[in-house]
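Visitor: Quick one: structure below, then a few questions.
The values are calculated or read from the model by the stated rules, or taken from the named source; none is laboratory data. Source: prediction; values computed, not measured. Neighbour counts are summed over all protein chains in view; Cβ atoms, including those assigned to glycine, are modelled from backbone coordinates with ideal geometry.
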Amino acid sequence: MAFFNKLDSIMREDPGKRGLIPSLPANPVAELNEALEGAQRVILLTGFPIRLADNSYIGETDGPLGTANIAAAFEKLGVEILPLTDEEGFKPFAAALKAVGCQTAPVLVPTDNTHEFIRHQLDEFNPTHVITLERPGKAQDGHYHNMRGLVIDDMLADTTIIIEEAKKRGVTTISVGDGGNEIGMGALSDAIEANVPHGEEICARECAQVPVVSGVSNWWGWGISALLSLKHGQNLLSDDELEMKMINEVVAAGSVDGCTKENVTTVDNLAMEVHLDILNKVRAALAEEMG
């Protein structure tokens, strides 16, 4: 389908020169589209911690925005959602969900007994799908790493088992990343280890059934919303005004740019104009496809 190719091309733009995108084959957009079928109850997990100069940490701006867009699209379709994040990303994610108009607030993942919590949520909520977006994954050494290869275990709840536990229950798993150290990216390990700085060290070991990448992880919030729009015959995408409202609220909640560590309205050291250009390309492609 021509739209799938267009969407993949847009998602694979790499203004930040992250290095992963050019080394990968096309995103499996048709597979992703098929995987979204039958979504009734969806767990959404995000939150990537950034350590600040005073040794405190907070969630970055990449993650909550894209995940909130997916949450809003599902809510509009009447799909139940369970947004999850841990303490460092809770306020930014809550702000993003509220700004985008979601009725569902995030649930806090505890630092203690996290595995029991994850299993309980899977059993109690009984999801059809688990979608992770810009959430750290555990590397082969058993630790979580940032893009510089530093261990960040102390900064987050250990949620990595959600992929395998979901698979055990027959739940569809979809993961989004842009650097290779995000949960679910293990299926792309050859390219990540060969082409990303510190790739062998940071590459996540968990393998989502459908891993997709983009120049910035947030963008797949629009990509998935566009696929859902086509599937259900209604435009579920946000617009420039709403995106600016979201980023302003997320920054007001303390979130920082993951590259610069600054509390400003940028994502991965890219101005919002760059991101809005991607959104408008997705909107144009969707409008052309929907006629």
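Visitor: Please go through the range 34-65 and give me each residue that is part of a helix (DSSP H, G or I) and not aliphatic (A, V, I, L, M), ordered by number.
Guide: GLU34, PRO64
Visitor: Cβ-Cβ under 8 Å, sequence separation 6+ or interchain: first residue in the range 167-195 and without any contact (Cβ under 8 Å) to a residue 24 or more places away in the chain, partner in a helix (DSSP H, G or I) and surrounded by fewer than 20 Cβ atoms within 10 Å (Cβ to Cβ). Which pairs?
Guide: Taking only residues 6 or more apart or on different chains, the pairs are GLU193/GLU200.
Visitor: Can I ask one more? Within the range 230-244, track down each residue that is within 13 Å of ALA99 (Cβ to Cβ) and either over 19 Å from the mean Cα position of the chain (by Cα) or among the β-branched types (Val, Ile, Thr) (or both).
Guide: GLU241
Visitor: Looking for whichever is farther than 22 Å from VAL250 by Cβ and modelled with pLDDT of 95 or more here; the options are ALA26, ALA68, ALA35. Which one fits?
Guide: Among ALA26, ALA68, ALA35, only ALA35 is farther than 22 Å from VAL250 by Cβ and modelled with pLDDT of 95 or more.
Visitor: Output the number of the condition that GLY179 fails; it satisfies all remaining conditions of (1) closer than 21 Å to ASP86 by Cβ; (2) outside any helix (DSSP H, G or I); (3) more than 12 Å from the chain's Cα centre (by Cα); (4) not β-branched (Val, Ile, Thr).
Guide: So the condition that GLY179 fails would be (3).
Visitor: Right, another one. For the condition touching a Gly at 6+ places or on another chain (Cβ under 8 Å), modelled with pLDDT under 95 and under 24 Å from ALA30 (Cα atoms), what is the one hit in ILE163, ILE183, ILE192?
Guide: ILE192
Visitor: Could you list, in sequence order, all residues of the range 253-271 that are under 18 Å from the mean Cα position of the chain (by Cα) and either charged (D, E, K, R) or within 22 Å of SER229 (Cβ to Cβ) (or both)?
Guide: Across the range 253-271, the qualifying residues are ASP257, ASP268.
Visitor: A follow-up question, please. Are any residues in the range 130-146 on the phi < 0 side of the Ramachandran plot and either among the acidic types (Asp, Glu) or surrounded by fewer than 19 Cβ atoms within 10 Å (Cβ to Cβ) (or both), and if so, which ones?
Guide: GLN140, ASP141, HIS143
Visitor: Taking only the range 11-28 into account, find how many residues are surrounded by fewer than 22 Cβ atoms within 10 Å (Cβ to Cβ) and either in a helix (DSSP H, G or I) or hydroxyl-bearing (Ser, Thr, Tyr) (or both).
Guide: 3
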